[in-house]
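Colleague: Attaching a single structure in structure tokens format; questions to follow.
The values are calculated or read from the model by the stated rules, or taken from the named source; none is laboratory data. None of these values were measured; they are calculated from a predicted model. Here the Cβ positions follow ideal geometry from the backbone for every residue, glycine too, while neighbour counts run over all protein chains shown.
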């Protein structure tokens, strides 16, 4: 009886140590995660890299200077307008949103109908008796 209680006590002490160790490890993980996600820590270690990255992002984000518009004569404007009109007639008409949506809905409905029919046919095939069962019923 004392051996069992001694083992239980040792087990309790071991579990208590493990709980303390787990809590300490969890605290370490939390503090390390906070340090890793703190941008001030990283900026303090490598300020030039951060400044270079900020300058590169700023360079890429800021739009380039637009060129001044081209001055066209009335004859050039008429020529461009005529070319645009001719191009508009060469292009096939784009389908409307309603037509596109109707096409997608039609395909979806067709797929659902095919799946429904397939399920019904396979369910009917599973319920159909085999020829041996038919013979046993007739005799």
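Colleague: Looking at residue 9, is it assigned to a helix (DSSP H, G or I) and more than 43 Å from the chain's Cα centre (by Cα)? Break it down stepwise before answering.
Modeller: Details: assigned to a helix (DSSP H, G or I): yes; more than 43 Å from the chain's Cα centre (by Cα): yes.
So residue 9 fits the description; yes.
Colleague: Looking for whichever is modelled with pLDDT of 80 or more, surrounded by 10 or more Cβ atoms within 10 Å (Cβ to Cβ) and over 43 Å from the mean Cα position of the chain (by Cα) here; the options are 14, 35. Which one fits? Lay out the reasoning, then the answer.
Modeller: Numbers: 35 fails: over 43 Å from the mean Cα position of the chain (by Cα).
Only one candidate qualifies: 14.
Okay, residues lined up against (1) surrounded by 10 or more Cβ atoms within 10 Å (Cβ to Cβ); (2) in contact with a helix residue (DSSP H, G or I) (Cβ under 9 Å, 6 or more places away or on another chain); (3) assigned to a helix (DSSP H, G or I); (4) at pLDDT 85 or above:
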{"residue": "28", "(1), (2), (3), (4)": "yes, no, yes, yes"}
{"residue": "31", "(1), (2), (3), (4)": "yes, no, yes, yes"}
{"residue": "48", "(1), (2), (3), (4)": "no, no, yes, yes"}
{"residue": "56", "(1), (2), (3), (4)": "yes, no, yes, yes"}
{"residue": "75", "(1), (2), (3), (4)": "no, no, yes, yes"}
{"residue": "88", "(1), (2), (3), (4)": "no, no, yes, no"}
{"residue": "95", "(1), (2), (3), (4)": "yes, yes, no, no"}
{"residue": "109", "(1), (2), (3), (4)": "yes, no, yes, yes"}
